[in-house]
Amino acid sequence: MIKKMMLIGWDAADWKIINPLIEKGHMPNLEKLINGGTIGNLATMDPAYSPMLWTSIATGKHAYKHGIHGFLQPSEDKKSLKPVLSTSRTVKAIWQILSEHDYKCHSVGWWPSHPAEEMNGISISNFYQKDTGLLKDGWEMMSGCIHPASEEERFAALRVHPEELTGQHILPFVPNAEKIDQTKDTRIYSIAQVTAHAASIQAAFTNIIRNEEWDFAAVYFDSIDHYSHGFMKYHPPKQDHIAQNAFDLYKDVVTGGYRYHDMLLGRLMDLAGEETTIMLISDHGFQPDHLRPKNIPKEPGGAVYEHSPYGVIGMIGPEIKKDHLIHGAGLLDICPTILSHYGLAIGEDMDGKVLTDAYAQPLESTFIESWESIPFTKFKSPSNYEMDKESEAAMVQQLVALGYVDDIHKDFTQAVKDTENFNNYNLAKSYLFGGKLNEAISILEKLIKENPHIPRYRFHLASCYQTKGKLKESRALVDQLKEKEYYNPVALDMMEATLLMGEKKYNEALTLFKSIEDKVDKLQSHILTKIAKCYMSIGFRDKAEEALEKEMELDYEYAPMHLMYGVIHYQKGNHDIAIESLLTSIGMEYNNSVAHRFLGLALFNKGEYQVAADSLEMSLRFNSKNNLARAKLIEIYKTHLDQPNKAALHSQNFHQNIKGEVIIVSGLPRSGTSMMMQMLDHAGIEIYTDKIREADSNNPKGYYEHNNVKSLRRNKRWVAESMDKAVKVISNFIPHLPLIYNYKIIFMERDLDEILTSQREMLMKLGAKDRHEEYPLQVMNSFKKSRDKSKLWASKQSNIEMIEVAYSDVIDNPFEEALRISEFLDHRVTPEDLIKPIDTKLYRQRKKTSTIN
Amino acid sequence: MKNFQNSPFVKTKAGEQLQIDKDGSLGLLALGDIGLQLWRQKKIAHHNELEIRKSKVVSSNSSTKES
């Protein structure tokens, strides 16, 4: 049996508007879908421009793969601009793959889909409903809107012109419409336009569904986005900068739009029938509340600042779970899910996943390398399509009128250049969103070279450099922007403070963040989460928690905030709160390896071993090199789930991720670590030291330390520099070693009484009072605990080999101990060289009888 | 499509009854092609009716004048 599916697109639909309407019973059809199906957030992508997003939905690919990078594109002769077209797309859409496999497919209004593509059914392009002429003039339909062209007359008659609408259509949006002088205020006509466009799409789509055979049918409505861009500013609660009169008149337009769409949905659900799977989606949300920006930035595509990062997904059908909530869905998941729904293979070059959790019986996924390399023969993509200049100009003008595109420059050479820049900038941002930093950087560098006067390219490049860890380059750009006063100073301070965080100067960063806290838009900048990160990094966990709770009150929907809150509570041992916060974060941003890892760790601590393993597996899916997650998984499979085969497989992968080896000399302070470093130095092992701490009477031969080690908890990058060298790491830092290296740890042991005496003497030499009376038992226990914890941790890691060496044994039996160390280091050193620097005179605190505690 | 020209209502598949009025409604637009066609037919019928009434008035006026 063929599983029918209807895909309905509502541009910009947002749960924040929908939920209160459902509570009031104003969206009964969507309520039916919610109660009988599966819903969730649908994470958008950056940049959040509709033609790019809807193409990602239809192809399962990032914009840098699918070729749609904006709203407009230069014509072939570069003398004019035209809207993006179906022919601009460089990869296959879902309806092409399904058509090739003989599924009956129809598509109406998808953006962009003009000229209408050939498919195994009817396709109607996104220019079909546009009112490019007056009703009295006959309102001709643009050519290329319908495939097959033989159906043009049938569908032309189903278009609704805004001039046809009456007060009955407008009053639900503007109950006091009669008070408006329409010769001065044209907003009523814009409502009529949006409403008529949606009616045209609905009429064409329902006509197809009622009269044609179909297996897959897709329809796209841009109307909620248009109602929202035009009228969200009047949506309650009233904002201070909105005039009372305008608020009173237009406050119901957005909710009116949603209620109208619920009616459209009701009809489609009726026609689809219960045997069909319906998937309702939006490409992004739209800030409906206090998060609405007061001003839209004056930059190309600035209207995007009104969007919110989560759209909606709702599914209902015979195979879909009922009354169920899914987490972590994104736009890129739609195409793979549809392919799996029909039992077709997913291209490995697609960037999303199957939303298997929405199905009562998990969908089985199969894969092929790519659909792009398979020649499709049954239906051809339109080629050599040329829009007539008049239509081109009319469509461009509509995009300007809707606020998607800025006014077009009168000089067409400049207009073409502006469009190319805008599209390239979007391409760079798409690369950035897809984690392709190098490609993003290369485009931004080129844009800066060609447009040195446009600061936002520098600003974004500085941000890319930061993410890439190229802090010097980022600093240079920030300094340039500051020097030339190129950019908004507060935004620059934000960038500077973030840069300081990257440079691990958390106190300075915190001071700067605090200084601008009241000047920035707290919601857009998420400054409180950044402040929390600074507090975390300097050890003020409670203050970090406080900052995050403040941010939560402002905007609950910010995944990094919940992640950090979860990590704090994991560290505090509040595992239930940690799990809840981490699940919330994952629900908003699924593909975060760190969030899944901490969730796994918190579940492990609760004794939930199977789900902990599932979370850690998920963490590895998003970062296969995360050996921290892998190490815990190995432990769970070995010790708790009795799955040695899985443990062995992970162990193999664990070692494949290892980048090199580091020799660690560890132990408690004053346990002989400096002596061991000296021995290794003499034996020819390169030492990782900055030589800042010079020799003194406490360590006459030097300390062999490096300041970087002290930052190991926060900064692990330096470990790469210590590869094949020996580095001194005090025992309590051992559990912070990154698991992407093999370590040979020489763990120095010394009687704890001796250590305490040695430490006390050293402190006294440095000017401290004799604290002998304050010490003993408590300090001794704390030392012991820290040492034992580190050793226990190290003993569980498969990338760590450890040898314990007693200080007293080295002094008493130097050659035997040196021989043992030489063997441990695979004979990279000889015992003879090792023992040369041993100076028994330095053993000043020897107890009469030493025992290892 | 059936001619609903003379019916004042249309019933949806779900049983909802919608009034077909010459001024239309969002409900009729939401019905899609059928709702649109019913509304347009109603508008035409209303227009025709007006035309007939108008012509009747004109002809009765002219016959009054003639007499």
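Each value in this text was obtained by applying a stated rule to the coordinates, not by laboratory testing. Note that the coordinates shown come from a computational prediction; the quantities given were computed from them, not determined experimentally. Methodologically, a virtual Cβ is constructed for each residue, glycine included, from the backbone with ideal geometry; neighbour enumeration extends over all protein chains shown.
Per-structure values
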quantity: Within straight-line cross-link reach of A:K468, aspartates and glutamates at Cα separation under 19 Å, skipping those fewer than 8 residues along the same chain; calculated: A:D46, A:E439, A:E445, A:D479, A:E496, A:E503, A:E721
quantity: FRET E, pair A:K3, A:Q182, Förster distance 56 Å, beta-carbon r, rounded to 0.05; calculated: 0.70
quantity: Candidate lysines for bridging to A:K78, where Cα separation is under 28 Å - those fewer than 8 sequence places away on the same chain excluded; calculated: A:K61, A:K65, A:K92, A:K130, A:K298, A:K380, A:K389, A:K410, A:K417, A:K429, A:K446, A:K449
quantity: Amide H contacts of A:V160 (H built 1.01 Å from N, under 5 Å, at least 5 apart or other chain); calculated: A:S200
quantity: A:I730, A:I8 arranged by Cβ crowding within 10 Å, fewest neighbours leading; calculated: A:I730, A:I8
quantity: Under 15 Å, Cβ to Cβ, from A:E369 - net charge with Lys/Arg +1 and Asp/Glu -1; calculated: -1
quantity: For the range A:297-364, the spread of Cα positions along each principal axis, largest first, Å; calculated: 49, 32, 16
quantity: Cα centroid separation - the range A:128-188 against the range A:83-113, whole Å; calculated: 26 Å
quantity: 19 Å Cα-Cα reach of A:K785 towards aspartates and glutamates, excluding residues that sit fewer than 8 places from it in its own chain; calculated: A:E749, A:D751, A:D753, A:E754, A:E774, A:E804
quantity: Trypsin sites (Lys or Arg not before Pro) lying in DSSP loop within the range A:169-228, provided at most 12 other Cβ fall within 10 Å; calculated: A:K184
quantity: Normalised per residue, the volume of the convex hull around the Cα set of chain A (Å³); calculated: 198 Å³
quantity: Filtered chymotrypsin sites (Phe, Trp or Tyr not before Pro), the range A:510-610: DSSP coil and at most 13 other beta carbons within 10 Å; calculated: A:Y556
quantity: Over 22 Å (Cα to Cα) - which of A:K16/A:K353; A:K238/A:K522; A:K504/A:K632 fall in this group; calculated: A:K16/A:K353; A:K504/A:K632
quantity: Residue-averaged 222 nm ellipticity for the protein assembly as shown, from DSSP H runs of 4+ at -39500 (n - 2.57), nearest 500; calculated: -14500 deg cm²/dmol
quantity: If the convex hull is drawn through the Cα atoms of the range A:637-770, its volume per residue in Å³; calculated: 148 Å³
quantity: Kirkwood Rh (inverse of mean 1/r, distinct Cα pairs), the range A:542-614, angstrom; calculated: 12.0 Å
quantity: Prolate/oblate/rounded call for the range A:633-702, Cα gyration tensor, a/c under 1.5 rounded; calculated: prolate
quantity: Ordering of A:749-755, B:29-35, A:320-326 by burial proxy (mean other Cβ atoms within 10 Å per residue, highest first); calculated: B:29-35, A:749-755, A:320-326
quantity: 26 Å tail of the calculated P(r), the range A:61-203, as % of Cα pairs; calculated: 38 percent
quantity: Kirkwood Rh, angstrom, the range A:409-487 [1 / mean 1/r, Cα pairs]; calculated: 12.9 Å
quantity: Convex hull volume per residue in cubic angstrom - Cα atoms of the range B:9-59; calculated: 57 Å³
quantity: Dipole of chain A, positive end: most advanced residue of A:T419, A:L737, A:S86 [Cβ charges, Cα centre]; calculated: A:L737
quantity: Globularity index of the range A:338-401, i.e. its alpha-carbon radius of gyration over 2.2 N^0.38 Å; calculated: 1.78
